[in-house]
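Down below is the structure, laid out as structure tokens.
The values are calculated or read from the model by the stated rules, or taken from the named source; none is laboratory data. Since this is a predicted model, take the numbers as computed values, not measurements. With ideal geometry, Cβ positions are generated from the backbone for all residues, glycine too; neighbour counts draw on all protein chains shown.
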Amino acid sequence: MSAGIRARENSCGISIPRETLPVTVPDFLAARHRGTRLTMLTAYDATMARLLDGAGVDALLVGDSLGMVVQGQPDCLGVTLEEMIYHTRLVARGARRSLVVADMPFLSYQVSPQQAVENAGRLIKEGNAHAVKLEGGQRSVAAIEAIVNADIPVMGHIGLTPQSVRRLGGFRVQRDEERLLADALAIEKAGVFAMVVECVPSELGRKITAAVKVPTIGIGAGSDCTGQILVSHDLLGLFNDLRPRFVKQYADLGNDITHAVETYCREVREGQFPSAEHEFR
Ligand code: KIV
């Protein structure tokens with residue numbers, strides 16, 4: 001089901017069913033106030049966006065994780081703004097109801113607030129995103145403020161920030177409670193409408209959620225966050241290079257694909273496919 005984001009009335013007082021209403025940034029904030037849990041998954045193309053949206057997910061993140069799960073790179077540092085715009089446009093085309101959030105890739109917002117606004121603007125204008133996401137706590141306040149001042153909704157991202165992988169020396173659980181709480185409060189003050197909290201002990205996920213008024217979207221941050229996000233390739237069993245503890249695999253599509261393609265190859269080689277039903281007479 002979709003996050004409990006409720007039916008709304010139009011200006012004539014007619015109640016419009018939840019399933020047909022697009023999820024908005026204010027819906028995210030309202031969900032936090034109502035105590036409803038938000039669902040979010042990554043998507044990188046129109047077909048997957050259509051499937052995830054149709055299954056009722058509240059928001060789709062065009063994550064720079066596409067560097068790893070789509071492009072086959074070892075991390076997300078090489079992903080470019082042009083690539084993010086392209087994939088965001090595909091996802092926005094496939095999504096009907098879900099909020100579409102585009103990740104700002106490495107070095108597309110760190111240089112200056114002006115650079116951050118210009119690049120966030122391109123993700124909105126050329127990619128058709130509804131909001132952008134960027135990494136970092138106190139160090140990203142100036143970028144967040146500048147983008148929010150341009151009327152572009154920003155989702156924050158604290159805890160394990162994958163774009164910091166070189167400094168961190170790997171993808172590791174983040175435990176500095178004092179700094180992470182200060183990060184959460186700083187980006188909330190700067191104007192984020194929600195924040196991803198990645199790979200922190202559950203107790204810290206709970207404390208961060210209690211400390212802020214905006215929704216927290218956890219990934220490896222425990223069940224007390226307002227919502228949860230996973231990389232869809234992990235959830236569907238399409239990507240096995242990394243197996244973080246926080247991933248729950250709900251399907252085994254990787255093996256299903258291998259099995260289907262092996263069967264196809266065998267049937268072609270043995271002359272079983274195409275058979276009469278697949279031929280034109
Ligand atoms: O890029 C991504 O997919 C992300 C999620 C892991 C939150 O940032």
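When THR36 is tested against (1) farther than 22 Å from LEU134 by Cβ; (2) assigned to a helix (DSSP H, G or I), just one condition goes unmet, and that condition is (2). Of the helices (runs of 4 or more DSSP H) lying entirely inside segment 171-281, those containing at least 2 residues that are modelled with pLDDT of 95 or more and more than 26 Å from ALA146 (Cα to Cα) are 202-211, 232-235, 253-269. Looking across segment 162-193, the residues that are under 20 Å from GLY222 (Cβ atoms) and small (Gly, Ala, Ser) come down to ALA182, ALA184. Restricting attention to segment 243-275, the residues being within 26 Å of ARG172 (Cα to Cα), free of Cβ contacts under 8 Å to residues at least 24 places away in the same chain and loosely packed, with under 11 Cβ neighbours inside 10 Å number 2. Of the residues making up segment 72-109, those that are among the acidic types (Asp, Glu) and touching a helix residue (DSSP H, G or I) at 6+ places or on another chain (Cβ under 6 Å) number 1. Checking each residue in segment 89-123 for being of a type in the set (Ser, Thr, Tyr) and farther than 20 Å from THR161 by Cβ picks out only SER98.
What about GLY237, is it over 24 Å from LYS133 (Cα atoms), surrounded by 14 or more Cβ atoms within 10 Å (Cβ to Cβ) and in the same structural domain as GLY159 (by TED's automatic domain parsing)? Yes, satisfied. If you go through segment 193-216 and keep only what is in contact (Cβ under 8 Å) with a residue 60 or more places away in the chain and within 15 Å of the ligand (Cβ to nearest atom), you end up with ALA194, VAL196, PRO215.
Yes/no per residue for (1) surrounded by fewer than 20 Cβ atoms within 10 Å (Cβ to Cβ); (2) at positive phi; (3) hydrophobic (A, V, I, L, M, F, W, C):
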{"position": "ALA143", "(1), (2), (3)": "no, no, yes"}
{"position": "MET155", "(1), (2), (3)": "no, no, yes"}
{"position": "ILE158", "(1), (2), (3)": "no, no, yes"}
{"position": "GLU198", "(1), (2), (3)": "no, no, no"}
{"position": "ASP241", "(1), (2), (3)": "yes, no, no"}
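Contact map, segment 127-140: first residue in the same structural domain as THR24 (by TED's automatic domain parsing), second residue assigned to a loop (DSSP other than H, G, I, E, B) and more than 12 Å from the ligand (Cβ to nearest atom), Cβ cut-off under 6 Å, separation 6 or more or different chains; pairs are ALA131/PRO153; LEU134/TYR109. Criterion applied to ASP151, ASP176, ASP224, ASP183 was being at positive phi and away from the ligand (no atom under 15 Å from the Cβ), and the one residue passing it is ASP151. ALA221 fulfils the conditions (1) surrounded by fewer than 21 Cβ atoms within 10 Å (Cβ to Cβ); (2) over 21 Å from PHE106 (Cα atoms); (3) within 21 Å of the chain's Cα centre (by Cα) except for a single criterion, (1). How many residues are in contact (Cβ under 8 Å) with a residue 12 or more places away in the chain and either surrounded by 23 or more Cβ atoms within 10 Å (Cβ to Cβ) or closer than 25 Å to GLN73 by Cα (or both) if we restrict to segment 160-179? Qualifying residue count, segment 160-179: 11.
Given the structure, is ALA43 touching a residue at least 60 places away in the same chain (Cβ under 8 Å) and among the small types (Gly, Ala, Ser)? Taking the combined requirement at face value, the residue satisfies it. For segment 55-73, the candidate set comprises residues that are in contact (Cβ under 8 Å) with a residue 40 or more places away in the chain and either small (Gly, Ala, Ser) or not assigned by TED's automatic domain parsing to the domain that holds ALA31 (or both); within that set, the residue that is farthest from the ligand (Cβ to nearest atom) is GLY56. Just one of the numbered conditions (1) more than 12 Å from the ligand (Cβ to nearest atom); (2) closer than 24 Å to PHE171 by Cβ; (3) crowded, with 18+ Cβ neighbours inside 10 Å is not true of GLN110: (3).
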